[in-house]
Amino acid sequence: IDRKTIVRTPRNTHFAFIAATEALASSGLDMEKEDPKLVGSVMGTTLGGSKYSEKGLTPLFTKGPGYVSPFLPTTLLYNGAMSQLSIRHNLQGFTLTVVSETAGGAE
């Protein structure tokens, strides 16, 4: 993962990038040959990037809205990692993020 992405995304997204890269490699899909509108993804989660979100909200309360990162919304949402994965791997089909306490991955 490049440095710019590491700074702009929370730790849970870094792990999701690694897992998705491995899953795509294991699937045998060649995204260069696939129609990206027909390739979707599903991910289970319990929580988004809470520490990153807290770090991002602090400037809002201490300095004002002009100091908030434009990347903050994607860290606050449970599907933030899935959104980043879809962009990174050009997955334009169906996406779903299952949120279920500690069993999100199992579902």
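A few notes on this one:
- Per-residue ellipticity at 222 nm from helix content only, as computed over the chain with -39500 (n - 2.57) for each DSSP H run of at least four residues, stands at -14000 deg cm²/dmol.
- Ordering Thr45, Thr95 by accessible surface, largest first, gives Thr95, Thr45; the 1.4 Å probe counts only protein heavy atoms, with every chain in place.
- Checking every one of the GluC sites (Glu not before Pro) in the range 1-86 against DSSP loop status and a limit of 14 other Cβ atoms within 10 Å picks out Glu32, Glu34.
- Estimated from the Cβ-Cβ distance and a Förster radius of 30 angstrom, the FRET efficiency linking Ile1 and Val42 is about 0.90.
- When you filter the chymotrypsin sites (Phe, Trp or Tyr not before Pro) in the range 55-97 for DSSP loop state and at most 11 other Cβ atoms inside 10 Å of their Cβ, you are left with Phe94.
- Rounded accessible area per residue of the chain, 1.4 Å, Å²: 68
- Selection of trypsin sites (Lys or Arg not before Pro), the range 1-100, meeting DSSP coil and at most 10 other Cβ within 10 Å: Lys33, Lys63
- Extents of the range 13-107, taken as max minus min of Cα coordinates on every principal axis and listed largest first, are 48, 30, 20 Å.
- With every protein chain in place, the chain: carbon and sulfur % of accessible area (1.4 Å): 57
The values are calculated or read from the model by the stated rules, or taken from the named source; none is laboratory data. In this text, all values refer to a predicted model and were calculated from it rather than measured experimentally. As a convention, Cβ positions derive from the backbone with ideal geometry for all residues, glycine included, and neighbour counts pool all protein chains shown. Side chains are part of the model used for accessible areas, which takes the heavy atoms of the whole protein and leaves out ligands, DNA and RNA. Shrake-Rupley method; radii C 1.70, N 1.55, O 1.52, S 1.80 Å.
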